[in-house]
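Below: one structure, written as structure tokens.
The values are calculated or read from the model by the stated rules, or taken from the named source; none is laboratory data. No experiment lies behind these values; they were computed from the predicted model shown. Quick reminder, even Gly has a Cβ in these numbers, built from the backbone with ideal geometry, and neighbours come from all protein chains shown. Note: areas computed on protein heavy atoms with side chains; ligands, DNA, RNA excluded. Shrake-Rupley method; radii C 1.70, N 1.55, O 1.52, S 1.80 Å.
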Amino acid sequence: DSSWRTDGFRDLTRFQHKAIVVGTLESDVSVQMTTSGVDEGEPGKVKILYDLVLNESGSSSAPSGLVVEAKRGGSLDVGILHDVDHESRKKCSIEFWYHLPQHIPEELVLMKRSVRASGDELSSLCQANEKDGLLWELVVLPSGTLEFRCCGGSSLSSEGAGEIQDPAGNEMLDFDNSSVAIPESEGKVSLQREDGTGGWNHVCIVFSGKGVQDPAICSVSLMMKGIKVASEILSFIPPGLKDSDLADMSRIDQVMEQSALAFGASPAVTLRLTEIRVWSCERSLSEIKSMMYEYLQVAETKRKFKVKIRNKRGEGILGLPEKRSGLLPPPETGRSLQPEQKKRSLLPPPRASMKRGELATDKITKTTSPLADQTSEFDTLFDEFSKLHFKSLSKSNTDGTHTSPQKEPFQSTTTDMSSSRNAREHNLSDKEEEEQQTRAEGNHQAAPAMPHKPEFSGSFLPDQPSLEVFESVLLSKQVRTSAAAALVRGPPATRHFGGNRGGLANNRSESNERFGVGAIAICGAEKTVVYKHGQNPPGKTYPIGASGAVISDGIDGSEYLCCFLAKEKRMVVFELLEKTVVVELQMTTKLNFWRYLPPQAHGGSLIFTLITPVGGFHWMPLDESPRPVQVFKRGPDLQGKKIITYEEGGSNGLIGADVRSTVALLLASIASTGTPVEAWIMPLGRDSHALCISDDVLGAAFLRPLEGVDEQFLPMVVTAKQNGESELYIEIVPLIEEISIGAIVIGEVLASISLDLSHDDNSDLPGPTLAMGTWPEVICSCIGHLVVVAMRRTGLVAAYRFDGNSLEMIEAYPTSHYIVDAALRLGKEDGTIEIVILQSDNTNLKDGRVVSITVNL
């Protein structure tokens with residue numbers, strides 16, 4: 001359907017504005033399926049999203065682009081040049097996504113607003129060099145910065161604003177976009193990379209003349225990718241008017257009678273535009289970040305419906321009259337599902353069991369929280385809400401029920417990972433793969449890891465080392481070069497080894513089985529390879545094509561591989577021992593972060609955590625009704641932020657199927673690198689605000705109390721912060737349930753210690769490109785009373801013993817290599833702990849090795 005070429009486009013609002021496509025030739029403009037990271041829609045439910053592709057124009061005077069009228073007094077006539085009698089029109093926000101190629105040879109006009117004389121063609125405003133009627137314009141300079149220019153001669157530039165992260169690998173990571181986020185200077189646009197990825201940018205301009213008497217004065221703010229890069233008060237003098245004319249609004253109205261917004265005027269390069277939004281209000285940063293990847297409600301095509309939810313008193317949600325009851329949407333910015341609480345406080349975790357389908361009223365009777373009756377509908381609310389975002393499937397039916405696994409759907413082979421991320425490119429025959437597998441097994445036997453005692457230097461190191469270090473051969477000697485590079489780069493939206501487990505009850509890492517270091521799953525179009533440290537050979541290949549995968553520990557002799565298929569937005573869980581498909585899950589939202597959790601986090605069962613823009617979910621694939629259960633809402637504080645690490649801790653004191661973790665620790669930032677990392681405590685299974693325990697932390701982890709772990713408890717929090725230029729400050733604080741206010745608060749510091757880094761020669765080691773970016777700078781891990789901090793950029797690993805009141809250094813070891821990830825597990829001998837480190841190679845950043853450090857306690 002090419003009717004848009006003549007009829008244009010209508011917007012989705014009730015105003016039905018008409019945007020006209022301008023182009024001399026049919027090849028100048030086209031419409032294609034979107035390649036951006038914005039929600040692409042779903043047939044029958046949400047309108048499908050397309051990109052308007054403006055091909056390179058031969059001349060800046062040849063009109064091409066998209067133009068929409070903004071007549072005086074119309075709904076688009078907002079933002080500038082209005083007096084106090086039209087206060088509501090003095091605010092405006094304009095945002096959209098645009099894609100740039102690898103090079104910008106000359107200025108590129110992204111957007112402008114111009115006035116035109118009566119009788120002039122509307123298409124004339126889509127000329128890049130047309131400046132006579134210009135009110136303002138936003139251009140991309142060849143240097144990669146944005147510049148806003150207005151008719152009064154003032155300008156606003158994004159140059160020199162700091163650092164920005166391309167959100168393509170980010171906070172709103174969708175597995176469709178598997179490219180690595182490349183840090184850019186803040187205020188610089190993202191250009192397409194050589195491999196064809198990247199290049200998508202989000203921009204928002206906010207105008208505000210609120211409270212200003214002079215109609216020509218307006219505050220203008222420029223946001224790039226959800227970050228404010230420039231803001232200034234500018235003066236707008238319409239074309240043909242002088243300063244003295246601005247006191248006469250009739251003169252201004254006359255000039256502004258015919259104006260229009262133009263996008264992509266005569267582009268000198270191929271430009272893609274999508275999701276253009278004009279708001280008659282000031283959009284806040286949190287509102288922009290939380291919605292720039294999501295479709296708006298007006299894009300929905302499905303029929304709306306309401307579901308009544310009543311509590312035992314017959315009231316609606318939050319105690320509102322029944323006529324107001326219904327299924328609540330995700331909380332809007334600034335909205336809470338509970339009364340305001342004291343700063344830095346949050347509701348306590350549940351004390352009793354909470355099964356799906358039960359009202360939280362059953363457990364509230366067992367707590368003394370004064371806010372309990374206000375949260376009595378929380379479980380039902382989340383239970384119902386999760387139905388809108390997840391749909392459980394199986395191979396044989398789609399009614400959400402669990403069916404018998406299908407036997408033998410695939411075969412696995414032990415291999416050198418010859419077909420990992422780029423299986424199709426290698427195009428190996430079966431015979432070639434067997435030959436490479438044989439060579440790989442020979443490599444493993446010929447080059448075993450060799451133990452050695454570390455050599456230490458620096459005044460912070462103890463006199464009598466108690467560490468034993470094993471270094472593996474380079475990954476490229478164990479597996480193919482491409483597989484080694486994929487291992488170092490890591491899986492999308494999760495940590496290499498899974499993350500810390502030290503805050504949970506009865507940590508399985510402290511049983512006879514040495515869990516704690518997760519396997520690394522590398523996926524390709526046709527195969528998935530699972531790499532396990534300590535296994536010989538370390539790789540096992542499965543004929544499962546996926547965008548990403550995480551793997552469980554061994555559970556009752558079985559292992560489970562959870563795969564995500566991005567194009568289909570579908571998850572599939574495979575049981576690897578019996579080679580069966582366990583369950584499938586259809587997702588209707590993006591996946592920002594996921595990981596495997598030990599069974600004690602939820603009912604002693606197989607469990608995966610899924611974090612979406614809505615919140616966090618526990619998914620138990622082996623349940624009779626394997627539908628994810630929402631355990632927390634993301635809320636405005638965490639909207640639009642990249643989840644860097646996630647772990648759970650605490651216990652409700654129950655056993656068996658009723659056991660639950662009670663709190664989560666999230667490290668989040670607005671980018672993968674270059675911006676401060678925040679540490680948040682989130683209660684699980686209750687409606688409560690997140691608690692920010694630090695807005696600038698290098699690393700953090702949960703630590704289980706030394707006593708009372710068989711009862712209900714809250715974990716302690718270990719944080720690592722910068723203290724001056726050459727000192728790392730580590731402290732441990734408890735989480736305390738404050739019954740009197742019905743909240744959890746941060747207690748007094750239990751122990752702290754400083755690590756002098758002035759003697760460390762490796763101040764800034766070169767690091768590889770990582771799927772999850774370079775945050776956090778310090779990886780904190782805990783097991784029992786052992787606390788380990790691994791400084792990634794310096795390669796230093798320090799181990800501490802916590803006795804309940806103080807921290808004592810056991811040992812420190814300089815690896816002299818960039819640390820990709822680190823995790824803990826029990827050592828082979830009694831009384832030992834093993835620190836497993838994946839580090840990159842200094843000479844080849846796409847290669848690395850696994851280092852095992854055994855600490856003798």
* **Flag for V53 being touching a strand residue (DSSP E or B) at 6+ places or on another chain (Cβ under 6 Å) and farther than 24 Å from Y293 by Cβ** => no
* Asked: What are the pairs, 6+ residues apart or on separate chains, where a residue within region 733-747 that is surrounded by fewer than 21 Cβ atoms within 10 Å (Cβ to Cβ) has its Cβ under 8 Å from a residue that is of a type in the set (S, T, N, Q)?
  -> V733/T719; E738/S345; I739/T368; I739/S369; I741/Q341; I741/S345; V745/S345
* To do: Could you tell me which of the residues P683, P676, P705 is on the phi < 0 side of the Ramachandran plot and out of contact with any strand residue (DSSP E or B) (no Cβ under 6 Å at 6 or more places or on another chain)?
  => P676
* Is there any pair linking a residue in region 217-232 that is on the phi > 0 side of the Ramachandran plot and open to solvent by 10 Å² or more (accessible area, probe 1.4 Å) to one that is modelled with pLDDT of 90 or more and part of a strand (DSSP E or B), with Cβ under 6 Å and at least six apart or on different chains, and which? -> K225/H202
* Asked: Which residues, counting only those in region 782-820, are more than 20 Å from R849 (Cα to Cα), small (G, A, S) and either outside any strand (DSSP E or B) or open to solvent by 10 Å² or more (accessible area, probe 1.4 Å) (or both)?
  -> G784, G804, S806
* Structure fact -> Restricting attention to region 546-557, the residues that are part of a strand (DSSP E or B) and open to solvent by less than 20 Å² (accessible area, probe 1.4 Å) number exactly 4
* Can you name every residue in region 636-694 that is of a type in the set (V, I, T), modelled with pLDDT of 90 or more, open to solvent by 20 Å² or more (accessible area, probe 1.4 Å) and within 17 Å of the chain's Cα centre (by Cα)? -> T645
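Determine whether S179 is within 30 Å of R570 (Cβ to Cβ), among the polar types (S, T, N, Q), touching a helix residue (DSSP H, G or I) at 6+ places or on another chain (Cβ under 8 Å) and modelled with pLDDT of 90 or more. Walk me through it before giving the result.
Numbers: within 30 Å of R570 (Cβ to Cβ): yes; among the polar types (S, T, N, Q): yes; touching a helix residue (DSSP H, G or I) at 6+ places or on another chain (Cβ under 8 Å): yes; modelled with pLDDT of 90 or more: no.
It is false that S179 is within 30 Å of R570 (Cβ to Cβ), among the polar types (S, T, N, Q), touching a helix residue (DSSP H, G or I) at 6+ places or on another chain (Cβ under 8 Å) and modelled with pLDDT of 90 or more.
Suppose the filter is within 21 Å of V109 (Cα to Cα) and charged (D, E, K, R); does D39 pass it? I'd like the intermediate steps shown before the answer.
Working: within 21 Å of V109 (Cα to Cα): no; charged (D, E, K, R): yes.
Criteria not met by D39.
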* Filter region 839-857 for residues that are in contact with a Gly (Cβ under 9 Å, 6 or more places away or on another chain) and in a strand (DSSP E or B) and give the result. => Q839, S840, V850, S852, T854, V855, N856
* State all residues of region 558-570 that are more than 14 Å from G524 (Cα to Cα) and not in a strand (DSSP E or B); if no residue qualifies, say none. => E559, E568, K569
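Conditions tested, residue by residue: (1) within 14 Å of R272 (Cα to Cα); (2) open to solvent by 50 Å² or more (accessible area, probe 1.4 Å); (3) touching a Cys at 6+ places or on another chain (Cβ under 9 Å).
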| site | (1), (2), (3) |
| --- | --- |
| V21 | yes, no, no |
| D28 | yes, no, no |
| E69 | no, yes, no |
| R72 | no, no, no |
| D85 | no, yes, no |
| H99 | yes, no, no |
| R113 | no, no, no |
| S118 | no, yes, no |
| Q127 | no, no, no |
* With region 218-304 as the region, which strands (runs of 3 or more DSSP E) entirely inside it contain at least 1 residues that are within 22 Å of S88 (Cα to Cα) and of a type in the set (D, E)? -> 227-235
* **Close pairs (7 angstrom Cβ cut-off, 6 or more residues apart or separate chains): more than 30 Å from E130 (Cα to Cα) and in contact (Cβ under 8 Å) with a residue 12 or more places away in the chain in region 264-290, acidic (D, E) and crowded, with 17+ Cβ neighbours inside 10 Å anywhere** => I288/E95
* Asked: What residue, of L585, L622, L591, is at pLDDT 85 or above, of a type in the set (A, V, I, L, M, F, W, C), in a loop (DSSP other than H, G, I, E, B) and farther than 30 Å from L475 by Cα?
  -> L622
* **Failed criterion for Y596 (all others in (1) modelled with pLDDT of 90 or more; (2) open to solvent by less than 10 Å² (accessible area, probe 1.4 Å); (3) within 25 Å of G685 (Cα to Cα) hold)** => (2)
* Residue among L857, L845, L838 that is touching a residue at least 40 places away in the same chain (Cβ under 8 Å), out of contact with any helix residue (DSSP H, G or I) (no Cβ under 6 Å at 6 or more places or on another chain), surrounded by 20 or more Cβ atoms within 10 Å (Cβ to Cβ) and at negative phi -> L838
* Subset of region 271-290 (residues that are surrounded by fewer than 19 Cβ atoms within 10 Å (Cβ to Cβ) and either modelled with pLDDT of 90 or more or within 12 Å of L76 (Cα to Cα) (or both)) -> R277, W279, S280, C281, E282
* Structure fact -> Restricting attention to region 699-715, the residues that are surrounded by 14 or more Cβ atoms within 10 Å (Cβ to Cβ), in contact (Cβ under 8 Å) with a residue 60 or more places away in the chain and not polar (S, T, N, Q) number exactly 10
* What is the one condition in (1) more than 26 Å from D39 (Cα to Cα); (2) open to solvent by less than 10 Å² (accessible area, probe 1.4 Å) that E578 does not satisfy? -> (2)
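I'm trying to understand the selection: among the residues of region 10-27, which are touching a His at 6+ places or on another chain (Cβ under 9 Å) and either assigned to a strand (DSSP E or B) or of a type in the set (F, W, Y) (or both)?
First, pick out the residues of region 10-27 that are touching a His at 6+ places or on another chain (Cβ under 9 Å): 10-11.
Scanning region 10-27 gives a single hit, R10.
Do we have F617 as in contact with a strand residue (DSSP E or B) (Cβ under 6 Å, 6 or more places away or on another chain), closer than 24 Å to S694 by Cβ and of a type in the set (A, V, I, L, M, F, W, C) here?
Numbers: in contact with a strand residue (DSSP E or B) (Cβ under 6 Å, 6 or more places away or on another chain): yes; closer than 24 Å to S694 by Cβ: no; of a type in the set (A, V, I, L, M, F, W, C): yes.
So F617 fails the test.
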* Structure fact -> Log entry, pairs with first residue in region 249-262 being touching a residue at least 24 places away in the same chain (Cβ under 8 Å) and under 20 Å from Q213 (Cα atoms), second being β-branched (V, I, T) and part of a strand (DSSP E or B), beta carbons closer than 8 Å, six or more apart or on different chains, reads V255/V115; M256/V115
* **Any pair with Cβ under 8 angstrom, 6 or more apart, that starts in region 484-498 at a residue that is without any contact (Cβ under 8 Å) to a residue 24 or more places away in the chain and in a helix (DSSP H, G or I) and ends at one that is crowded, with 24+ Cβ neighbours inside 10 Å and polar (S, T, N, Q)** => none
* Structure fact -> Quick count over region 141-153, residues being under 18 Å from S221 (Cβ atoms) and either open to solvent by less than 30 Å² (accessible area, probe 1.4 Å) or at pLDDT below 85 (or both), is 5
